[in-house]
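What follows is a set of notes on a single structure, which appears directly below.
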Amino acid sequence: MVSYLVPLRLANWVMNQVLVKSCYGFSRKLKSLGFHWGDLSSKPLHQPSPFPNITKCDLEGRGSQTLACDFHKVLLRTHSFFPYFMLVAFEGGSIFRAFLLLCSCPILWILNYEMKLRVMIFISFCGLRMKDMDNTSRAVLPKFYLENLNLEAYEVVASVGSRVFFTTMPRVMVEGFLKEYLNADAVIATELHTAGCYFTGFLSKSGLLVKHSALMDYFGDTKPDLGIGNASLQDQLFVSLCKEAYVVITEEGKVMPRNKYPKPLIFHDGRLAFLPTPSATLFMFTWLPLGFLMAIYRIFLGVFLCCKFTLALGIWSGLILNFNDKNQQRSESNKGVLYVCSHRTLMDPIFLSIMLGRRLTAVTYSLSKVSELIAPIRTMRLTRDRKQDGETMKRLLCEGDLVVFPEGTTCREPYLLRFSSLFAELADEIVPVAMNAHVTMFYGTTASGLKVLDPIFFFMNPWPRYDIQVLEKVPRELTCAGGRSSHEVANYIQRELADALGFECTNLKRRDKYMMLAGNEGVVQEKKGRRFC
């Protein structure tokens, strides 16, 4: 056995030390040294502004006023348009469209403002389905907009009663966010040309939006009470048409803390876990080939090797596992132990089984056939029929330890969804497990994409991390056997896990997630025929 492991360990060391670190280091150097392209969307001409800084704006008594505001170069700390077009290209389009947009950067650098926007719009939208863009604008872009909000500018926007936003960006990229999160009364933006259910990549007849002209057309002879722009000459003309005007002098404003978001960010979709600036996107594509090989290698370890060797070789390949077992109580019955876990990715039960060193059975609802086939632990598909699923889990508990995920689906943000109470009726020995996954490049979960790719994307991260904390067994007096209702038990365990993770509890359910992100209830429908729209 020892001689068999020697070549495996040697190959793993070579891969980690020579290939991974050298490729990762090279791409980091490209990101930090070679490609500081800055703002690829525009190089506006600045001059000393006659208007005061936005930090001097008095927020009192503006509840009845009307605001005219630029969006990207006022409300967002990142002024470059490129990252948001890259999100559309990658998440709404494909990796090939995203690569083409990245390759256009040297050309974008030398083009004027209008041509840069036209080229980015064409590459990102040509042939893109309107449905795919709708999913991207609803489920992907809001996360990045919220994380880049300028706190000082947002406080001014939130203080007024009526808000009208102007931007040269395509309306389909910003309207959903502005109306859903910032309560915009109107969004005036560039319109795109469409053919059937697809974008052509060209602008409508009106062309790029000219903000000061659009403001005069919208308000007519009346002037908005307050205007906010940036220090460029174009925006100074824009805000001069307002009764009172302020400008954002510097690009970097104060970061918007999560607790001040206009609306909690609980659900979002997409694969990219970073803002895809030109340098960060180059870094990703440089890492991508080796990242794919690393993902296959890590999956191979879990499927074909026993747990002892999987853990060691996985850690040597860059996987980070933090494990803390606070439960020292032994089982008092012949039945298996019920592990109740927070749900972050499909790998939750696998990592728990490896770290506990015990064979576990995991129950699932919508695991793909491929994932079931290659899973190194036993999985059992449930039917969503409460009575039948309860009988199935009781039988599995009689056969051994069982892992359940009462949230019913994964959640990326620091929130726990509402717990189903079915598990509380099945066992008296319940052990909560707080699980959390950390990624830097790709998310390993999706609501509208291919779930079979979830493990690959998770393991493609250079150093994916899992934190696993096994809490103490739930006291008997707090279980159904102690006289508590199943709902009380479920709520108690949800709060215990939330406290351990530093998360917030919600009443949102699996259905809420899929209705928002995928426009369905999360039930896979059989394809009855080919549709073009």
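Of all residue pairs spaced 6 or more apart or on separate chains, those with beta-carbon atoms under 6 Å, a first member in region 264-292 that is touching a residue at least 24 places away in the same chain (Cβ under 8 Å) and a second member that is open to solvent by 20 Å² or more (accessible area, probe 1.4 Å) and of a type in the set (S, T, N, Q) are ASP269/SER448. Note on region 470-481: among residues that are touching a residue at least 40 places away in the same chain (Cβ under 8 Å) and open to solvent by 40 Å² or more (accessible area, probe 1.4 Å), the one that is nearest to GLU425 (Cα to Cα) is CYS480. Could you tell me which of the residues PRO462, PRO455 is open to solvent by less than 50 Å² (accessible area, probe 1.4 Å), part of a helix (DSSP H, G or I), touching a helix residue (DSSP H, G or I) at 6+ places or on another chain (Cβ under 8 Å) and outside the structural domain of ALA139 (by the TED database)? The conditions single out PRO455. Among residues of region 494-519 that are without any contact (Cβ under 8 Å) to a residue 12 or more places away in the chain, none has a beta-carbon under 9 Å from a residue that is open to solvent by less than 20 Å² (accessible area, probe 1.4 Å) and of a type in the set (D, E, K, R) at least six positions away or on a different chain. Listed by position, the helices (runs of 4 or more DSSP H) enclosed by region 248-365 that each have at least 1 residues that are of a type outside the set (Lys, Arg) and outside the structural domain of GLU425 (by the TED database) are 278-304.
Looking at region 65-85, is at least one residue touching a residue at least 12 places away in the same chain (Cβ under 8 Å), out of contact with any helix residue (DSSP H, G or I) (no Cβ under 6 Å at 6 or more places or on another chain) and open to solvent by 50 Å² or more (accessible area, probe 1.4 Å)? There is no residue in region 65-85 that is touching a residue at least 12 places away in the same chain (Cβ under 8 Å), out of contact with any helix residue (DSSP H, G or I) (no Cβ under 6 Å at 6 or more places or on another chain) and open to solvent by 50 Å² or more (accessible area, probe 1.4 Å). There is no residue in region 235-244 that is open to solvent by 30 Å² or more (accessible area, probe 1.4 Å), among the β-branched types (Val, Ile, Thr) and either more than 29 Å from ASN259 (Cβ to Cβ) or not in a loop (DSSP other than H, G, I, E, B) (or both).
Look at region 296-324: where a residue is over 17 Å from SER371 (Cα atoms) and among the hydroxyl-bearing types (Ser, Thr, Tyr), no partner that is open to solvent by 50 Å² or more (accessible area, probe 1.4 Å) and modelled with pLDDT of 90 or more sits 6+ places away or on another chain with Cβ atoms under 8 Å. So, in region 389-424, how many residues would count as being open to solvent by 10 Å² or more (accessible area, probe 1.4 Å) and more than 34 Å from the chain's Cα centre (by Cα)? The number of residues fulfilling the criteria is 6. Across region 478-512, the number of residues qualifying as in a helix (DSSP H, G or I) and touching a strand residue (DSSP E or B) at 6+ places or on another chain (Cβ under 7 Å) comes to 8.
It is to be established whether one or more residues within region 274-284 are of a type in the set (S, T, N, Q), open to solvent by 20 Å² or more (accessible area, probe 1.4 Å) and within 30 Å of ILE354 (Cβ to Cβ). Taking every residue of region 274-284 in turn, none turns out to be of a type in the set (S, T, N, Q), open to solvent by 20 Å² or more (accessible area, probe 1.4 Å) and within 30 Å of ILE354 (Cβ to Cβ). The set of residues in region 425-435 that are open to solvent by less than 10 Å² (accessible area, probe 1.4 Å) and not aliphatic (A, V, I, L, M) contains only PRO432. Considering (1) without any contact (Cβ under 8 Å) to a residue 40 or more places away in the chain; (2) on the phi < 0 side of the Ramachandran plot, the lone condition that ASN230 does not fulfil carries the number (1).
In this structure, is LYS116 touching a residue at least 24 places away in the same chain (Cβ under 8 Å) and surrounded by fewer than 24 Cβ atoms within 10 Å (Cβ to Cβ)? Criteria met by LYS116. Quick check on region 154-173: of everything there that is open to solvent by less than 10 Å² (accessible area, probe 1.4 Å) and assigned to a helix (DSSP H, G or I), which residue is modelled with the highest pLDDT? So, considering only residues that are open to solvent by less than 10 Å² (accessible area, probe 1.4 Å) and assigned to a helix (DSSP H, G or I), the one modelled with the highest pLDDT is MET173.
Filter region 180-234 down to residues that are under 25 Å from SER64 (Cβ atoms) and charged (D, E, K, R) and give me whichever is most open to solvent (accessible area, probe 1.4 Å). Selected residue: ASP221.
The values are calculated or read from the model by the stated rules, or taken from the named source; none is laboratory data. Remember, predicted model here, so these are calculated numbers, not experimental data. Quick reminder, even Gly has a Cβ in these numbers, built from the backbone with ideal geometry, and neighbours come from all protein chains shown. Heavy atoms of the whole protein, side chains included, go into the accessibility calculation; ligands, DNA and RNA do not. Shrake-Rupley method; radii C 1.70, N 1.55, O 1.52, S 1.80 Å.
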